[in-house]
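Where a number appears in this text, it was derived from the coordinates with a stated rule and is not lab data. As the structure is a computational prediction, the values presented were derived from the model and not from experiment. Because the Cβ atoms are built from the backbone with ideal geometry, glycine has one as well, and the counts that use them run over all protein chains shown.
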Amino acid sequence: MDYEQIKNRLSPCGLDCSKCYAFDGGDIKKHSEQLKVALGNFDVYAERFTELLHGDIFRKYPDFKAMLAHFASAECQGCRKEHCKLFRDCKVRDCHEEKGVDFCFQCHEFPCKHTGFDEHLQQRSVHNNKRMKAIGVEGYYHEVRDKQRY
Ligand code: SF4
Ligand code: SF4
């Protein structure tokens, strides 16, 4: 994968949009769609198993199904194409374009305090960008590509 392809996966803050639950082309959406198909008409059986197996866990199936449907309906195209649906106060998306950089570490103001992130995400973003600065964007991507986002 070359720099441009990696850039389309990684947001300027260094998070991997392709692993986000809200990403249209991500694994979480893909596996949720597959699980929805595999479960078929499980609603009926969830009720039956509640009785047959005295299984209170099956009472929770409607909530599980709603969560699965939510994951399966993900439609975000990623940070490079639209504003983030999760971090609504994110200032980085517009800011990195104004500064003319692909990632925050390439900006002369990095690390800045006007990302709009909460403390947790701010620390993550600074860590991600310092790592990219140290080992390069390609090296960073190879380091995180098999790691879970959550
Ligand atoms: S832009 Fe935000 S909501 Fe969309 S895939 Fe990336 S992290 Fe997820
Ligand atoms: S000013 Fe801050 S948010 Fe904007 S590109 Fe530079 S480091 Fe990132």
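Listing for the model above:
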| quantity | calculated |
| --- | --- |
| Check: the range 27-73 dipole with +1 on Lys, Arg Cβ and -1 on Asp, Glu Cβ, in debye | 140 |
| Helix-derived mean residue ellipticity, 222 nm - over the chain, DSSP H n ≥ 4, -39500 (n - 2.57), to 500 | -16000 deg cm²/dmol |
| Computed FRET value (nearest 0.05) for Gln106 with Glu75, which takes r as the C-beta separation and R₀ as 41 Å | 0.90 |
| Of the trypsin sites (Lys or Arg not before Pro) in the range 50-129, those whose Cβ has at most 12 other Cβ within 10 Å and which sit in DSSP loop | Lys81, Arg88, Lys113 |
| log10 of Debye I(q)/I(0), alpha-carbon scatterers only, for the range 27-73 at 0.17, 0.21, 0.32 Å⁻¹ | -0.50, -0.69, -1.09 |
| DSSP-assigned coil residues among GluC sites (Glu not before Pro) in the range 44-134, each with at most 15 further Cβ atoms within 10 Å | Glu75, Glu82, Glu109 |
| When the convex hull of its Cα atoms is projected in every direction, mean area for the chain (nm²) | 10.6 |
| Only Lys, Arg (+1) and Asp, Glu (-1) charged, at Cβ; the chain dipole about Cα centre in debye | 220 |
| Signed unit charges on C-beta, dipole axis of the range 27-73, positive-most listed residue Phe42, Ser73, Pro62 | Ser73 |
